[in-house]
1. For B:LYS29, list the lysines whose Cα falls under 22 Å from its own Cα; do not include residues on the same chain fewer than 8 positions away.
2. Under the Karplus relation 6.51 cos²θ - 1.76 cosθ + 1.60, θ = phi - 60°, what is the ordered set of whole-Hz ³J(HN,Hα) values for region A:153-163, x standing for Gly and Pro?
3. What is the average number of partner chain Cβ atoms found within 10 Å of a Cβ in A:54-64?
4. Near A:LYS188, which lysines are there with a Cα under 22 Å away, not counting those fewer than 8 places off in the same chain?
5. Write out the GluC sites (Glu not before Pro) in region B:172-234 meeting two conditions: DSSP loop, and at most 10 other Cβ atoms within 10 Å of their Cβ.
6. I'd like the Karplus ³J(HN,Hα) series for region A:55-65: coefficients 6.51, -1.76, 1.60, θ = phi - 60°, whole numbers in Hz, and an x wherever there's a Gly or Pro.
7. Mind listing which chymotrypsin sites (Phe, Trp or Tyr not before Pro) in region B:4-64 are in a DSSP loop and have 12 or fewer other Cβ atoms within 10 Å?
8. Quick one: which residues, 5 or more positions from B:VAL18 or on another chain, have an amide H under 5 Å from its amide H? H modelled 1.01 Å from N in the peptide plane, none for Pro or chain starts.
Amino acid sequence: MRSFPVTPDHDVTDIDLMRALQEGSEAALCELIARWEKRLLSFVYRYTQDTHTTQDIVQETFVRLHLKREQFKPDRGFSPWLFTIAANLCHNRARWQRRHPEQSWDDTSGTTVESPTNLLADPTDGPVETTIRREQIEELKSLVLALPHDLKTAVLLHHYEGLSSAEIAQVVGCSLRGVETRIYRGLKKIRAASRFA
Amino acid sequence: MASDDFDPTQRRLCQWRVDPPCDPNLTDKVLQRIRVETRPAPRQSPLLIWLKETWQRPVYVGALALVLILTGVLISTITHQFRGSPDNVVPTEDYRFAIDPLYRLTESGESFITGAQPAPDTVGDSLEWLRTELGLTDHQFQKLASLHEEFTPTFASIFHDLQQQKSAVEQFETMRRESELIDFIQVYRVTTDYRHLQDRASTSTAELVARVTQLVDAKQRSHYLELLKIAPEQSKNVDAVVPRHA
């Protein structure tokens, strides 16, 4: 693999880095990892809600990014392509999990990845409000986890990753209207099943 | 991040914040995985790959076995043809039995034990075979047929005498082994008679062969003499039978 000196530079777009990667630049891959690791971790963790699985999938996503680099088309944008790889890996892992139910996705490491600010949304909250908020978030997590793949992907990418409807449409593989429908149906399912709605 | 303060569900979505720890070795792990994934597989012979793939499919194994069997049969058939058709040997031998009493006596002794060979007194179908082999004209065939017919009684008689004389020699030999006395005059008489009969048989056969060669052209003659030598290991007398001048 060739090494191109790619220094952290905000003028260098992800598309530029992908072109450099297609030409064999290892440094371009390193820069893409540095740029996207955090966002991928957030998305994949919300999808799987398991730390080890999240780390495995993120690692695999960047490996696939390199192996499939020739298939990347700049005109379709980088983030939809990257999230498509990650979402497909999450989906595959979920299907494998359904076939092998003895292997749990539950995070048994004891490491919490929930942000402390979850509980500090409003500093004026008392202990009761904090407990209720914690219960609400735990319920939300379980409801999101139970969503079908395309609804979950659409909701997560829309609410947390800031992807446009067009970009989500590429990831999920549907029309713009289909994206709106999926987000609406996803939220409706969560609302309907929630005790706190 | 989408936010809607009036929708409790969306508000809660906004409140769900995660902070998964970054893996400080992620880049190294990814690069290591890529090197493993892109490492060229050990080269294998295309034949070996093909055999492995084939072996995993029973239908292919069956087909391969069938092909091998058919190939074996084909090779066997071809080599058999190159060795010469055995059908040629049997008519030649029949013919040799008919025209060579000495050969018939020598070979039929073993054949009678195994029952594998008939002992014809006449030329019979051998002449038809000879006609095809030599490409005889009708005229040549008629002459050859009458010539063989002329010799048939002689050969039958000589063969009969040879059998009796051989039997006499064997009886005398048995008797000589059992008693300590040897009648030298009798020994001389029996062996001499047997030798005379052998000479007579050889002469008669040689005469027939010589006359046959006079009735055919050079190419046919060459082929005819070749046919008489086709199984030399079965005929120890062939050199004696075929005249040297022929």
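Values in this text are rule-based calculations from the coordinates and carry no lab data. Quick caveat, the model's predicted, so the values are computed rather than measured. All Cβ positions, even for glycine, are placed from backbone atoms using ideal geometry, and neighbour counts span all protein chains on display.
1. A:LYS38, A:LYS68
2. With coefficients 6.51, -1.76 and 1.60, one gets 4, 4, 5, 5, 5, 6, 7, 10, 9, x, 6 Hz.
3. Numbers: counts 4, 6, 0, 0, 6, 8, 2, 1, 7, 9, 3.
Averaged over the peptide's residues, the number is 4.
4. A:LYS141, A:LYS152
5. Numbers: sites: B:GLU173, B:GLU178, B:GLU180, B:GLU207, B:GLU226, B:GLU233; in loops: B:GLU180.
Of the GluC sites (Glu not before Pro), the ones in loops of region B:172-234 whose Cβ has at most 10 other Cβ atoms within 10 Å are B:GLU180.
6. Those phi angles translate into 5, 4, 5, 4, 4, 5, 4, 6, 5, 5, 4 Hz.
7. Within region B:4-64, the qualifying chymotrypsin sites (Phe, Trp or Tyr not before Pro) (loop, at most 12 other Cβ atoms within 10 Å) are B:PHE6.
8. Residues meeting the criterion, in which the H sits 1.01 Å from N, are A:SER115.
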